[in-house]
Amino acid sequence: MRFKVGQIVLFNNPKTLFGRLITKYNMDMYGSSYTTHVGIITAVYDNSIAIFESLIDGFNSHVYTKDDIEERIKLGEILIRETKKPLNMVLENCYKYEGIKYGILDIFMIAFYWATRIKISLTRKNSLICSEAVVRVLYDSSNKKVDFVKEFEKPYDLITPMDLYISKQLI
């Protein structure tokens, strides 16, 4: 596969406790489940790629071998998508959010939304879950043309990896 800066990496890992909870949420909210995590490619090297993603250490870059990613694509654990609109300065836009802590409170807000269907946003850019970080970068890198807030009519804090999976803005 040809990897490119700006491609979205959708991970499917329902084996962990957190992954199983996300899968349950996806099934209840969307009627299906594919993805439990998302990141964005920011650099492509000879044998590896750098992916910015929000994990427990915050929104940071992690390096994966191309062989590992390609094997996980074959196993159905990873799907690569990209925006229909052109992107610019992806890495620079990732740097704007680099190191921002993981959005534990966002997870509770998503659980509250799941239970009540009431949309609230508390953390804004103070903490980021994986999907929130990626959609903010896509919005910034597309000159505000890739807008998941508008597409899904919910705040950044409530956008999930599954929203990126079903988005009409991605191919």
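Rounded, prolate or oblate: pick one for segment 25-73, where a ≥ b ≥ c are the square roots of the eigenvalues of its C-alpha gyration tensor, a/c under 1.5 means rounded, and failing that, prolate if a/b is larger than b/c, else oblate.
Oblate shape, in that a/c is at least 1.5 and b/c is the bigger or equal ratio.
Taking H as built 1.01 Å from N, whose amide H comes closer than 5 Å to the amide H of ASN13, not counting residues under 5 places away?
Residues meeting the criterion, in which the H sits 1.01 Å from N, are THR36, HIS37.
Starting at the first residue of segment 27-33, write each ³J(HN,Hα) from the Karplus equation 6.51 cos²θ - 1.76 cosθ + 1.60 with θ = phi - 60°, in whole Hz, x for Gly and Pro.
5, 5, 8, 10, x, 7, 8
Counting each DSSP H run of 4 or more residues in the chain as -39500 (n - 2.57), what helix-only mean residue ellipticity at 222 nm follows after dividing by all residues, to the nearest 500 deg cm²/dmol?
So the helix-based figure for the chain works out to -11500 deg cm²/dmol.
Once you charge only the Cβ atoms, +1 for Lys and Arg and -1 for Asp and Glu, what is the size of the charge dipole of segment 56-98 about its Cα centre, to the nearest 20 debye?
320 debye
Can you put HIS37, HIS62 in order of Cβ neighbours within 10 angstrom, beginning with the fewest?
The most exposed by this proxy come first: HIS62, HIS37.
For segment 97-112, what does the Karplus curve 6.51 cos²θ - 1.76 cosθ + 1.60, with θ = phi - 60°, yield as ³J(HN,Hα) per residue in whole Hz, taken in order and with x for Gly and Pro?
10, 4, x, 5, 5, 5, x, 4, 4, 4, 4, 5, 5, 5, 4, 5
Residue by residue through segment 38-44, which ³J(HN,Hα) values in whole Hz follow from phi under the Karplus form 6.51 cos²θ - 1.76 cosθ + 1.60 (θ = phi - 60°), with glycine and proline marked x?
Working through the residues one at a time gives 8, x, 10, 6, 10, 7, 10 Hz.
No lab work stands behind these numbers, since they all come straight from the coordinates. As the structure is a prediction and not an experimental result, all values here were calculated from the model. Quick reminder, even Gly has a Cβ in these numbers, built from the backbone with ideal geometry, and neighbours come from all protein chains shown.
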